[in-house]
1. Among 289, 264, 115, whose mean-square fluctuation peaks in a Gaussian network model of the chain (Cα, cutoff 10 Å)?
2. Helix 67-77 sits at what angle to the longest principal axis of the chain, using alpha carbons and giving 0 to 90 degrees rounded to 10?
3. Once both axes come from the Cα atoms, what is the angle between helix 226-237 and the longest principal axis of the chain, in degrees from 0 to 90, rounded to 10?
4. Given the -39500 (n - 2.57) contribution per DSSP H run of 4+ residues, what per-residue ellipticity at 222 nm results for the chain, rounded to the nearest 500 deg cm²/dmol?
5. What length, rounded to one decimal in nm, is gained on full extension from residue 329 through to residue 342, with 0.36 nm per residue of separation minus their alpha-carbon distance?
6. What length, rounded to one decimal in nm, is gained on full extension from residue 289 through to residue 272, with 0.36 nm per residue of separation minus their alpha-carbon distance?
7. For segment 82-186, go through all pairs of different Cα atoms, get the mean of 1/r, take its inverse, and jot down that Kirkwood value in Å.
8. Report the label-to-label distance for residue 82 and residue 57 in nanometres (one decimal), using points 7 Å from each Cα along the Cα→Cβ vector.
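Every read-out reported here was derived from the displayed coordinates using simple, explicitly stated rules and does not represent laboratory data. The structure displayed is predicted, hence computed values, not measured ones. Cβ sites come from the backbone with ideal geometry, for glycine too, and all protein chains shown count toward neighbours.
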């Protein structure tokens, strides 16, 4: 395995450099910050890894990714140096062989990398978890996710129309990082945070990723009960036109504060919701047929129907319940994977900070069925 050469290009002006990056497949179509050696070195210093350390290898392509490449793309994306530990944790998750990064980057399905950051470091660097959580206007959310996509373009050669065969794509392919919001209360006790559900200490910070389609907003503002919310969200999760419906897939269910409080007021914890949503996320032979789909076409990936023709969807451990988003009339969002887990398993990794120990995971405290690790 040979490390790519770190070439130094010279330009006669800042603007010339910006234009040159736009002319080459070195940007996402938006201007980038020219990555001078000083800026890249400053970015690397903010992480917990050495400049020439290999972060991992893309399975099936034997293509390595090095810290200096990740740092270069973080500079180009406009990241502050303090964002870089989150960038590195995201790459650690993506380069896990189970995530199947080659498939994720090359599919016609237009898949993006959706990442939720749970922990105090997200707040420390100013990540957004409230109103407009998926939208523009927050530098940390926007540039951290953008750094990942620029790395896919430049270091991993996932250029649109070449390796990246997306038929449509979606806006999440620019950036799709966001932060976990405040957990709702059951009485005076808050829900366990995502990191705590995975067995990490509350003081730790984690990044959880899935290969994602675009989010689907879910509206219910008509004084819904918990059962009403299960019905509304379950209906969205089993849409037959989603590529993952009726398969062993994964997803994130992002609950706005009104909807999260409805479940908390009913005494339900995230684990209760995951299990109930798994029960309601399945489909059936008849429902597929009514929507124009055959469950038995050659090469299908649907789960095997039971005797009544019911087809299971995602297991409870692969549905991550995330409180996030801002107050409103009553909104949530469903983020489905674009395929089944063999094409992209959900992964969680801790954020590591320079000079601090790697956050430890206590399996005895983890929720046993969660399969994002």
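1. Comparing 289, 264, 115 in a Gaussian network model of the chain, the most mobile one is 289.
2. 80 degrees
3. Tilt of helix 226-237: around 60 degrees.
4. The helix-only estimate for the chain comes to -8500 deg cm²/dmol at 222 nm.
5. 0.9 nm
6. The span from residue 289 to residue 272 would gain 3.1 nm if fully extended.
7. 14.4 Å is the Kirkwood radius here.
8. 3.8 nm
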